[in-house]
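Visitor: Mind looking over this structure? Questions follow.
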Amino acid sequence: MAEERHNIEYEEQRAFLRRQAREAERRAHDPRVIRQEKLERAGRLRDILAVFTLFFVLAAVIVFYAENYSYTTYSLDFELSEETLTGAKLFSFKDGCIAVTRDSVSFLSGNTVRYTNTCAYQTPVVKAEGDYFVVFDRGGYQLRIYDEGGVTGTVRLTRKVYAADISATGVIAVFTESSDAAYISYFDRFGNRISVELRTIPEESGYPLDIDISPNGQRLAVSYYAAEGGTGSSRLMVYDFEHGKADEQYAIYRTSDEDTDDIVFLNDVCFVSDTQLYAVGEDTLFFLTLDASGNVTVKKHTPADPIVSVFTAGTRLGTVMESGVTRHCRIYRENGEVYSDFQVPASFRHLAANARYLAFTDGTEVSFYNLSGRKRYEGALTDEVDSVVLTGRRSLLVSTGAFLQKITLK
């Protein structure tokens, strides 16, 4: 009896499934059902698109408001008066800053001094990139490499250091010279020598003015100055240490003779990425793009106004130029196109920049801009500023000689 009841239930289930299959088949070929399902899907898609559109519009409004909001005052978040920070020069590094005096190197994160390294400098120079920075005395014989935990290595040399740069991976290029030649040597973040060295004879190649190393440590840009027959000229060389065995094989780019004749000093060279760099002369700007094969695209500008200051803002080049009694700031994109051009304070002592903002200080006066040129704040601080860095969307770290202060605009 139980088996017969089970067979009946089984047949009923099979019949139900067959009816469902026939109904599904009928609906799949019914034009009215197909049209209704399409309308329902289109409606759901419209609803989803409407939600995403609303989300992006709100996000754009919030970003626009945040980028263009004008601040009217500020708050003093903290103030440090440690003796090792008195008169420190400040440099941006990771989420904090490096504070350097003639006697010490300190790293600050948040409102805490993470470490202080005691040393002795006459004219300390700081170069920072990625997770590392290097400090050296121009004309000294030693370099110290740091990360956020402290000293990672020391480089000691027998020739005087005239310039150095560090990559995001901690590779260091150091320019030194002897009585008859100039050298650019490579070291790792622990201070160990890497078997790459350029040797140039100033009478033949010229005298290196500035060097810069790409973030990955594989490419190096050098500006050379040469004097011949009472006339001076500069040239730019870019080397790629991934390829080649001899010095000449490293060179993948050099300015043309025509460019060389026009450039007297090429004082600044800077990589903004592994494939893009710029070089700045007295009245000429070079924007270079390098591809993986070593081919180079160059865009050249000659601004109408004299250049008085050069800086990087993230991956962009910034220049301050003088036009009569006024000054204006021009921001260039990586490819050399002008991003913005706006007037800035005519006399300023210090300039700080990051990928989004600029701050100009003169005495106690501070002017704060976004890169589009909108002035976000202008006002006076309590104490006179000796050095300034940007540490956030609206935060400044300022050295006043006696104190180190963090200021947040409101």
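Visitor: Pull up the range 124-153, narrow it to residues that are among the hydroxyl-bearing types (Ser, Thr, Tyr) and over 17 Å from ASP103 (Cβ atoms), then point me to the one that is surrounded by the most Cβ atoms within 10 Å (Cβ to Cβ).
Guide: Looking at residues that are among the hydroxyl-bearing types (Ser, Thr, Tyr) and over 17 Å from ASP103 (Cβ atoms), I get TYR132.
Visitor: Out of (1) without any contact (Cβ under 8 Å) to a residue 40 or more places away in the chain; (2) surrounded by fewer than 16 Cβ atoms within 10 Å (Cβ to Cβ); (3) out of contact with any helix residue (DSSP H, G or I) (no Cβ under 9 Å at 6 or more places or on another chain), the odd one out for THR302 is which?
Guide: Status for THR302: all satisfied but (3).
Visitor: Restricting attention to the range 52-101, which residues are within 24 Å of the chain's Cα centre (by Cα), at pLDDT 85 or above and among the aromatic types (Phe, Trp, Tyr)?
Guide: PHE91, PHE93
Visitor: For the range 353-410, give me each residue that is under 19 Å from the mean Cα position of the chain (by Cα), within 16 Å of LEU108 (Cα to Cα) and of a type in the set (Gly, Ala, Ser).
Guide: If the condition is that a residue be under 19 Å from the mean Cα position of the chain (by Cα), within 16 Å of LEU108 (Cα to Cα) and of a type in the set (Gly, Ala, Ser), then GLY392, SER395 are the ones that fit.
Visitor: For the range 169-184, how many residues meet the condition of being within 24 Å of the chain's Cα centre (by Cα) and small (Gly, Ala, Ser)?
Guide: The number of residues fulfilling the criteria is 2.
Visitor: Also: Which of (1) modelled with pLDDT of 90 or more; (2) closer than 20 Å to GLY281 by Cβ; (3) surrounded by fewer than 16 Cβ atoms within 10 Å (Cβ to Cβ) is the odd one out, the single condition ASP212 does not satisfy?
Guide: The number of the failed condition is (3).
Visitor: Taking the range 370-410 on its own, how many of its residues are at pLDDT 85 or above, surrounded by fewer than 20 Cβ atoms within 10 Å (Cβ to Cβ) and of a type in the set (Gly, Ala, Ser)?
Guide: Result for the range 370-410: 5.
Visitor: Which fully enclosed strands (runs of 3 or more DSSP E) of the range 79-161 have 2 or more residues being out of contact with any Cys (no Cβ under 9 Å at 6 or more places or on another chain) and touching a residue at least 24 places away in the same chain (Cβ under 8 Å)?
Guide: 89-93, 96-100, 112-118, 124-129, 132-137, 142-147, 150-156
Visitor: Can I ask one more? Does VAL344 satisfy being within 25 Å of ALA88 (Cα to Cα), buried (at least 19 other Cβ atoms within 10 Å of the Cβ) and free of Cβ contacts under 8 Å to residues at least 40 places away in the same chain?
Guide: no
The values are calculated or read from the model by the stated rules, or taken from the named source; none is laboratory data. For clarity, every value in this text was computed on a predicted model and none was experimentally measured. Glycine also receives a Cβ, built like all others from the backbone with ideal geometry; neighbour counts cover every protein chain displayed.
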